[in-house]
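To start, the structure under review is shown below, and the notes come after it.
All of the numbers you see were taken from the coordinates with simple rules; none came from a lab. Computed from a predicted structure; not experimentally measured. Counting neighbours? That spans all protein chains shown, and the Cβs are built from the backbone with ideal geometry, glycine included.
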Amino acid sequence: MARGFPELHWGWLIRQFVTTPKLPIRFYLEAGLFETNTHGDILPQNRRLRDVLEAKGYSVVYSEFAGGHAYENWRDSLADGLIALAGRVE
């Protein structure tokens, strides 16, 4: 279970995407290679979410970086995420 959210099991959000109709949205996912012990192994869950979204036909930009779950590790890629999410969704 996710720490701080005892009622929330890992994979809940992923299962929601598996069972619901595809929506006209796109995704930018980014995970640090050192996020394997942070609140329930964020890295493999992000990879699983990416795979499910792509299998469902969503537009997904996925990136991994050599770092952990901290502001200084993702602040420089915020613009990349905004650029990836901008534009027309098909």
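Taking segment 19-55 as the range and being closer than 17 Å to LEU85 by Cβ and not in a loop (DSSP other than H, G, I, E, B) as the test, the residues that pass are ARG26, PHE27, TYR28, LEU29, GLU30, ALA31, ASN46, LEU49, ARG50, LEU53, GLU54. Residue check: ARG26 meets all listed conditions (1) surrounded by fewer than 16 Cβ atoms within 10 Å (Cβ to Cβ); (2) in contact with a strand residue (DSSP E or B) (Cβ under 9 Å, 6 or more places away or on another chain); (3) basic (Lys, Arg) but one, namely (1). For segment 50-69, filtering for residues that are surrounded by 15 or more Cβ atoms within 10 Å (Cβ to Cβ) and more than 19 Å from LEU33 (Cα to Cα) leaves 4. Take ALA79 and tell me if it is surrounded by 12 or more Cβ atoms within 10 Å (Cβ to Cβ), assigned to a helix (DSSP H, G or I) and either touching a Gly at 6+ places or on another chain (Cβ under 6 Å) or among the small types (Gly, Ala, Ser) (or both). No, not satisfied.
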